Amino acid sequence: MDTIDALSGAEDRPSGAVAPPGPELVWAKLWPPAARAGLIPRAGLLSRLQAGVQSRLCLVDAPAGSGKTTVLTQWRAIAGAGRVAWVSLEEGDNDPRRFWTYVVEAMRIVEPGVGVATLAALGGPSADLYRAVLPGLLNELGAVGRPLFLVLDDYHLISDPSCHQTLGFFLEHLPAGVHVVLATRVDPPLPLARMRARGELAELRVPDLQFSDEEASELLNGSMGLELAADDVERLAERTEGWAAGLYLAGLSLRGRQDPSAFIASFHGDNRHVADYLATEVLARQPDTIRTFLLRTSILERLSGPLCDAVLQTEGSAQVLGELERSNLFLIPLDDQRRWYRYHHLFAQLLGLELGHRERGLLPVLHRRAAAWHRQAGNLDQAVHHAGAAGDFTEAAAMIARHWLGYWRRGRQATVARWLDGLPEEAILADPPVAYVAAWIGGFSGASKQETEYWLGAVDPDGYEGGLPDGVSSLAFGANLARAALVFDDLGRSVSAARRALELAGPDSLPFWWMAQSALGHALYLSGRADETRPQLEELVRRVPAAAQPVAVVLALAVLSLLAGDEGDDRTAMALARRAAATADTQGLGAEPMCGIAYAALGRALARQGELAEAEVQLSRALEPVGIDSMLVQRAFALLLLAPVRRGRGDLPGARAQVEQARRLIERSADPGSLPALLDRTEQALASTPRRRIEVEADLTERELAVLRLLPARLSNREIGRELYVSVNTVRSHVQAIYRKLGVGARAEAVARARELGLLSTLATSGAGAPRRHLADR
């Protein structure tokens with residue numbers, strides 16, 4: 001594995017590089033900013049916050065510079081009792097896998113016994129957050145038995161819908177004693193109204209965070225020693241509307257002025273204008289060396305001595321950072337060792353604007369130096385960001401092409417998609433390996449067939465020699481593998497592409513050869529020709545460990561299960577389907593679109609055994625990951641499997657609606673393979689009337705009829721066995737056969753269907769008396 005993906009030791013990174021708890025993670029983000037000197041205690045605000053954090057969710061919502069992080073840091077130090085998990089969020093955390101890894105790592109600092117299994121699931125290729133990750137984490141938190149607070153600072157930087165949705169799920173199922181605090185500049189897209197109505201939401205907003213005249217006086221005169229008149233303090237508090245950053249910037253600008261009253265009277269306006277004006281004043285009063293340091297390091301999200309030395313091509317930056325912190329120039333320490341810092345977000349924005357105004361031509365140079373340092377440190381995300389900001393799109397593209405596959409396999413496609421978004425279209429089109437990545441990531445993230453083909457059209461095998469940086473043997477192979485896996489609406493295209501991929505990469509080109517083989521088997525099955533590849537799929541299952549090629553193994557097992565079911569071998573079909581689904585779950589592939597067929601195969605096997613309720617669960621699960629354009633055919637297939645199950649459970653309108661959805665998908669398909677025939681059979685089954693009683697009765701064996709007669713008595717399977725002098729396992733087999741033949745999934749449904757067909761009334765006259773009713777069933 002590349003050191004950039006898994007930093008194995010301190011010697012692999014420059015001195016001062018961030019020590020990560022996992023690949024691409026930064027320890028400093030899991031600790032609140034260290035308290036700065038000169039902060040004033042705000043007893044009233046802290047009291048309101050302490051009451052608010054006892055709610056399920058406490059929202060601290062106010063503009064930049066309002067003091068959200070500061071007051072949360074003070075609360076943690078005073079009242080947190082060591083039970084506060086903290087995450088300082090960044091734009092790079094717009095990836096559900098990365099977001100939740102940070103959350104779990106933060107909680108483990110407070111409660112080391114939780115989250116081991118969750119982190120393992122998050123490390124899989126495609127963790128199902130709703131099934132494999134969050135429920136286990138919530139159960140562990142519920143068993144802790146002590147209060148735990150999770151602070152997510154700067155949550156407004158999170159824009160990924162999946163992050164919001166999964167956090168909403170987490171909040172909805174949060175156990176008692178666990179509380180979440182969000183510091184944000186805007187209301188997040190979470191179920192705030194519902195939580196507010198339930199009394200589960202506490203809110204601190206701008207009026208709560210505004211400085212009173214007394215607090216403004218304590219800050220300006222007590223902490224900063226300005227000796228302002230009471231009228232001037234009141235006027236300044238009024239002009240800044242109690243805004244913490246505005247007051248503090250004003251205090252810095254007032255130092256050493258002979259006529260503070262005239263200065264205070266000279267500015268008006270809202271926070272943005274005040275900040276702009278005062279930031280200029282602050283910068284103008286700094287020595288040239290400090291002003292240059294502030295401006296040129298403003299491109300960095302986090303600052304350390306070695307990193308700043310590299311960016312500025314100088315030495316001694318660690319000492320300068322220490323001086324800036326002691327001078328209270330909006331520099332926030334990120335760890336107790338004072339190795340890593342960040343600027344206050346608002347101050348950093350203002351510095352960046354000023355840098356662009358004064359030294360725009362220097363920006364690419366600074367970013368290029370930052371990219372080189374981060375690349376050497378193994379901080380790939382920052383390296384790609386700075387390379388793109390420098391305009392070094394070739395360098396950024398090379399890093400993406402080399403490392404994207406590892407991220408995709410760990411379920412971090414959102415991060416790769418963000419990197420690609422940072423490249424201009426022409427840079428992607430000019431780099432065939434990156435165009436291939438764009439097609440693959442786009443196809444599995446919801447892009448249309450046209451968009452995917454647009455990127456694949458830039459993959460010119462004749463213009464690129466050798467294999468790809470990620471290990472794919474050639475661009476031609478990669479393009480065909482992508483078309484084979486991304487079926488969209490054309491199974492014939494997928495089959496042809498898979499065959500071509502296998503021609504271009506022989507069996508020695510593992511593991512990608514097996515991926516192409518499984519994609520071919522998948523497409524051939526849906527085309528009605530799976531027997532052509534059965535031997536290869538059986539060989540794949542025998543030879544390939546699931547941990548090495550989980551997607552290929554899951555696909556092969558699922559297709560073999562479906563084939564066995566088609567041949568009437570329900571026992572083998574069930575065993576293979578359970579193995580496919582278990583492999584997908586174990587490897588964290590529940591949300592992987594290509595693995596939806598595993599749950600479809602299991603649902604069909606269950607339905608054939610009459611277990612309709614569980615079949616409906618599995619088939620519904622099969623539909624969840626295939627709601628993207630590239631899985632159109634797979635979605636139609638799952639709908640057609642689910643429709644008869646819904647009918648068997650008494651939901652005929654729902655069954656017909658699903659058939660109609662499948663029909664629309666099939667009609668717009670270029671080559672839907674065998675699905676039109678499956679559609680016809682499903683429609684005929686829904687339109688047919690129930691079989692006559694005599695036909696059903698003929699299907700049931702004598703023993704099954706005897707068991708059916710006892711079902712209305714609500715006896716247990718063991719008691720039925722005693723009545724009939726057979727084992728409980730035999731009774732279970734008979735019951736499952738009855739369910740299958742009646743097309744139901746539960747005892748009550750079997751009884752109702754038997755009565756509808758007149759079977760129970762017929763059996764009641766067969767001479768057997770009514771069975772005894774057990775007291776426990778009353």
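Any residue in the range 484-497 that is hydrophobic (A, V, I, L, M, F, W, C) and more than 23 Å from residue 627 (Cα to Cα)?
Looking for residues that are hydrophobic (A, V, I, L, M, F, W, C) and more than 23 Å from residue 627 (Cα to Cα), one finds none in the range 484-497, hence no.
For the range 758-768, indicate whether the set of residues that are of a type in the set (Gly, Ala, Ser), at negative phi and modelled with pLDDT of 70 or more is non-empty. Before the answer, list the steps.
Of all residues in the range 758-768, those of a type in the set (Gly, Ala, Ser) come to 758, 761, 764, 766-768.
The next check asks that each one be at negative phi; those that pass are 761, 764, 766, 768.
So of that shortlist, the ones also modelled with pLDDT of 70 or more come out as none.
The answer is no; no qualifying residue exists.
Can you tell me which residues in the range 384-401 are within 18 Å of residue 366 (Cβ to Cβ), of a type in the set (A, V, I, L, M) and crowded, with 23+ Cβ neighbours inside 10 Å?
384, 387, 396
Among what's in the range 402-440 and is outside any helix (DSSP H, G or I), open to solvent by 20 Å² or more (accessible area, probe 1.4 Å) and more than 20 Å from residue 483 (Cα to Cα), pick the residue that is modelled with the highest pLDDT. Lay out the reasoning, then the answer.
Filtering the range 402-440 down to residues outside any helix (DSSP H, G or I) leaves 410-412, 422-424, 430-431.
Still in the list and also open to solvent by 20 Å² or more (accessible area, probe 1.4 Å): 410, 422, 424, 430-431.
Now restrict to residues that are more than 20 Å from residue 483 (Cα to Cα): 410, 422, 424, 430.
Values: 410: 75, 422: 90, 424: 94, 430: 89.
Top of the filtered list is 424.
Which residue, of 132, 127, is crowded, with 23+ Cβ neighbours inside 10 Å, assigned to a loop (DSSP other than H, G, I, E, B), in contact (Cβ under 8 Å) with a residue 40 or more places away in the chain and in contact with a helix residue (DSSP H, G or I) (Cβ under 7 Å, 6 or more places away or on another chain)?
Unique residue meeting the criteria: 127.
Which one of these is aliphatic (A, V, I, L, M), at pLDDT 85 or above and touching a helix residue (DSSP H, G or I) at 6+ places or on another chain (Cβ under 8 Å): 219, 278, 249?
Going through 219, 278, 249 in turn, just one is aliphatic (A, V, I, L, M), at pLDDT 85 or above and touching a helix residue (DSSP H, G or I) at 6+ places or on another chain (Cβ under 8 Å): 219.
Residue check, residue 98 against (1) at pLDDT 85 or above; (2) within 15 Å of the chain's Cα centre (by Cα); (3) among the basic types (Lys, Arg); (4) over 14 Å from residue 29 (Cβ atoms), all met but one. Which one?
(4)
Quick check on my filter: what residues within the range 566-589 are out of contact with any Ser or Thr (no Cβ under 7 Å at 6 or more places or on another chain), in contact (Cβ under 8 Å) with a residue 12 or more places away in the chain and closer than 25 Å to residue 120 by Cα?
Across the range 566-589, the qualifying residues are 578, 579, 581, 583, 584, 585, 586, 587.
Take the range 301-317 and flag every residue that is under 25 Å from residue 154 (Cβ atoms) and either touching a Phe, Trp or Tyr at 6+ places or on another chain (Cβ under 6 Å) or among the hydrophobic types (A, V, I, L, M, F, W, C) (or both).
Matches in the range 301-317: 302, 303, 304, 307, 308, 311.
What's the total number of residues in the range 524-552 that are part of a helix (DSSP H, G or I) and free of Cβ contacts under 8 Å to residues at least 60 places away in the same chain? Walk me through how you get there before you give the answer.
Of the residues in the range 524-552, the ones part of a helix (DSSP H, G or I) are 524-526, 530-543, 550-552.
Subsequent filtering for residues that are free of Cβ contacts under 8 Å to residues at least 60 places away in the same chain retains 524-525, 530-543, 552.
Total satisfying the criteria: 17.
For the range 563-610, how many residues are within 19 Å of residue 531 (Cβ to Cβ) and surrounded by fewer than 24 Cβ atoms within 10 Å (Cβ to Cβ)?
Looking only at that region, the number is 9.
Please enumerate the residues belonging to the range 480-517 that are at pLDDT 90 or above, open to solvent by 10 Å² or more (accessible area, probe 1.4 Å) and farther than 19 Å from residue 532 by Cα.
480, 483, 489
Across the range 100-155, what is the total count of residues that are touching a Ser or Thr at 6+ places or on another chain (Cβ under 6 Å) and more than 28 Å from residue 592 (Cα to Cα)?
1
Looking at the range 597-605, is at least one residue modelled with pLDDT under 90 and not aliphatic (A, V, I, L, M)?
Taking the range 597-605 as the starting set, the residues that turn out to be modelled with pLDDT under 90 are none.
No: zero hits.
Under the condition of being modelled with pLDDT under 95 and either more than 25 Å from residue 129 (Cβ to Cβ) or open to solvent by 20 Å² or more (accessible area, probe 1.4 Å) (or both), which residue from the range 624-640 is farthest from the chain's Cα centre (by Cα)?
For the range 624-640, the residue satisfying everything is 629.
I'm checking my understanding of the structure. Among residues of the range 26-63 that are of a type in the set (A, V, I, L, M, F, W, C), surrounded by fewer than 19 Cβ atoms within 10 Å (Cβ to Cβ) and modelled with pLDDT under 85, which one is farthest from residue 214 (Cα to Cα)?
My answer is 27.
Take residue 229 and tell me if it is in contact (Cβ under 8 Å) with a residue 24 or more places away in the chain and farther than 24 Å from residue 346 by Cα.
Against the criterion (in contact (Cβ under 8 Å) with a residue 24 or more places away in the chain and farther than 24 Å from residue 346 by Cα), residue 229 qualifies.
If I ask for residues that are hydroxyl-bearing (Ser, Thr, Tyr) and under 20 Å from residue 29 (Cα atoms), which ones from the range 52-78 would you list?
Filtering the range 52-78 for residues hydroxyl-bearing (Ser, Thr, Tyr) gives 55, 66, 69-70, 73.
Across the range 52-78, the qualifying residues are 69, 70, 73.
The values are calculated or read from the model by the stated rules, or taken from the named source; none is laboratory data. No experiment lies behind these values; they were computed from the predicted model shown. Note that we place each Cβ from the backbone using ideal geometry, even for glycine, and neighbour counts take in every protein chain shown. Accessible surface is based on the protein model in full, side chains and every heavy atom, while ligands, DNA and RNA are left aside. Shrake-Rupley method; radii C 1.70, N 1.55, O 1.52, S 1.80 Å.
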